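Below is one structure, written out as structure tokens; the observations come after it.
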Amino acid sequence: MAKETGSFEVKVGLAEMLKGGVIMDVTTVEQAQIAEQAGAVAVMALERIPADIRRDGGVARMSHPGMIKEIQAAVSIPVMAKCRIGHFAEAQILAALEVDFIDESEVLTPADEAHHIEKHRFKIPFVCGARDLGEALRRIGEGAAMIRTKGEAGSGNIVEAVRHMRSIQGTIRKLTVQDQSELMAVAKELGAPFSLVQQVAKIGKLPVPNFSAGGIATPADAALMMQLGAESVFVGSGIFKSEDPADRAQAIVAATTYFQDPAKLAAVSANLQGAMPGLEMSEIPAEERLQERGW
Amino acid sequence: MVATIGVLALQGAFTRHQATLERLGCQTVAVRYPRDLERLDGLVIPGGESGTISRQLDSSGLRQPIITFAGEKPVLGTCAGLIIMSRESAGSQVQGLDLLDLDVVRNGWGRQAHSFTSSLPVTLNGHSEELPAIFIRAPRITRVGQGVEVLAAIDGEPVLVRQGRHLGATFHPELTADTRIHQLFLRAVEE
């Protein structure tokens, strides 16, 4: 029987399956197993979590393929991996490894200062970060099957993820009440494909799932982003930079399901140890802000 | 009568099932607590990550109440939902509810690179028709018990099954505009 792989609906289909869940950054097989046991819907395999990339400096590249294969062998949930912005050869290697999702990520050092990857030509789905609706629609135009807020990775500070989610959702709400004749001017202002602006104005949401990332460190942070309209959350440094990764991972999973139930949120948070130390945004010089990467 | 259908909302594509059911005139309830099962006429267990959903069935206290519910009312499971409804899944993070006498292998077709769409021949009302079907890291059914009716197969492998009032699909009818699988489920609800 004829089977078609790699269509856009098959890519978005996997993003749909990850809704209401937590995707966790892991750097070792042991961490991947802790994440799976805690109820993660997927893991992001990377060599250094964002907080350490920020601390170490230097060029951050795609993870070592051997390390990705070890993690793929150790867990049965989807395994994602990051490539540099514009580095389509890294993406080709990740596709050959059959990772389940590729994150073209601002957390790594960009390889191209003008272009993102043309993602339609890959059979593997891509997720990309965005700070506003224009950026989200440019990435979808290039073929992204999932959008996530950028936030500020490795900061342990939720303020930027909130800013980005409010910006995306607020602009969508405005679009839904604008006159058809105004949409081209909006598309011009956003720097977004006109057809996608029309589609968003009509359906009142992004045409692909909209997740949140960048600064989530506690169950309360996860619940906040879900209430602001995120459909799932990525937790990077927040789990394995905390004092109690396994318990915290479980608590954030519960918070993502029960984000509208404050009593439950209080219960799952009650026995946690210290969260990761956070960075005030004024402590991060403008040129070191990861969210500025991407065009 | 307007049917009230619950959709298990611990994780996964539950809002897509709710949208399809509402289009067919049902009221829907997102099920996160045992009390949400009260007054439901049927339950859908959606696609998602089966290990995640299975763990949360225990932490939410929903496992036994759903088994009891299924003793009287119909349940539809899609993809991860079918895995959770089955008896046995090999080498797995999932403890099944044993509502369908099946053995399954999670991600049986492989990783996402092998996820696919297909036009599926299916026998619904005594005659053969074609359905659009989306398989996402889908399970494979390796054994069907007696009393399990195979309604559709791909290359000889069952992908849509019925046992008594319960229905299971290894694909995702909630991701397409086609509502025939949900209509089939609602017929069992009406009976």
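Against the definition (over 30 Å from residue A:219 (Cβ atoms), surrounded by fewer than 20 Cβ atoms within 10 Å (Cβ to Cβ) and modelled with pLDDT of 95 or more), how does residue A:118 come out, yes or no? Spell out how you get there, then give the answer.
Working: over 30 Å from residue A:219 (Cβ atoms): yes; surrounded by fewer than 20 Cβ atoms within 10 Å (Cβ to Cβ): yes; modelled with pLDDT of 95 or more: yes.
Judged against the criteria, residue A:118 is a match.
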Query raised in the report: In this structure, does residue A:76 turn out to be surrounded by fewer than 22 Cβ atoms within 10 Å (Cβ to Cβ) and among the hydroxyl-bearing types (Ser, Thr, Tyr)?
Result: yes
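Residues B:137, B:106: which one is surrounded by 19 or more Cβ atoms within 10 Å (Cβ to Cβ), at positive phi and touching a Pro at 6+ places or on another chain (Cβ under 8 Å)?
On the way: B:106 fails: at positive phi.
Checking each option against the conditions leaves just B:137.
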Query raised in the report: Taking the range A:29-52 on its own, how many of its residues are in a helix (DSSP H, G or I), within 17 Å of the chain's Cα centre (by Cα) and more than 14 Å from chain B (Cβ to nearest Cβ)?
Result: 2
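Need at least 3 residues that are within 11 Å of another protein chain (Cβ to nearest Cβ) and touching a Phe, Trp or Tyr at 6+ places or on another chain (Cβ under 8 Å) per element, so show me which strands (runs of 3 or more DSSP E) inside the range B:85-128 make the cut, counting only ones lying wholly within it. Walk me through it before giving the result.
Values: elements: B:86-89, B:100-105, B:116-123.
The strands (runs of 3 or more DSSP E) meeting that bar are B:116-123.
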Query - Residue count, the range B:1-33 (criterion: more than 14 Å from chain A (Cβ to nearest Cβ) and in a helix (DSSP H, G or I)) - result: 3
**Report entry** Matching residues in the range A:243-295 - criterion: being farther than 24 Å from residue A:106 by Cα and among the polar types (S, T, N, Q)
**Finding:** A:250, A:256, A:257, A:260, A:269, A:271, A:273
Report task. Among the residues of the range B:142-168, write down those that are in contact with a helix residue (DSSP H, G or I) (Cβ under 6 Å, 6 or more places away or on another chain) and open to solvent by less than 30 Å² (accessible area, probe 1.4 Å). Result -> B:167, B:168
Report task. Go through (1) in a loop (DSSP other than H, G, I, E, B); (2) more than 10 Å from chain A (Cβ to nearest Cβ) and name the single condition residue B:58 misses. Result -> (1)
Report task. Looking only at the range A:17-28, count how many residues are touching a residue at least 40 places away in the same chain (Cβ under 8 Å), within 7 Å of chain B (Cβ to nearest Cβ) and over 14 Å from the mean Cα position of the chain (by Cα). Result -> 0
Query - Residue check, residue B:22 on the phi < 0 side of the Ramachandran plot and open to solvent by 40 Å² or more (accessible area, probe 1.4 Å) - result: yes
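The values are calculated or read from the model by the stated rules, or taken from the named source; none is laboratory data. Note that this is a predicted model, so its numbers are computed, not measured. Virtual Cβ from ideal backbone geometry, glycine too; neighbours counted across all protein chains shown. Ligands, DNA and RNA are stripped out before the accessible areas are found, and what is left, the full protein with its side chains, is counted by its heavy atoms. Shrake-Rupley method; radii C 1.70, N 1.55, O 1.52, S 1.80 Å.
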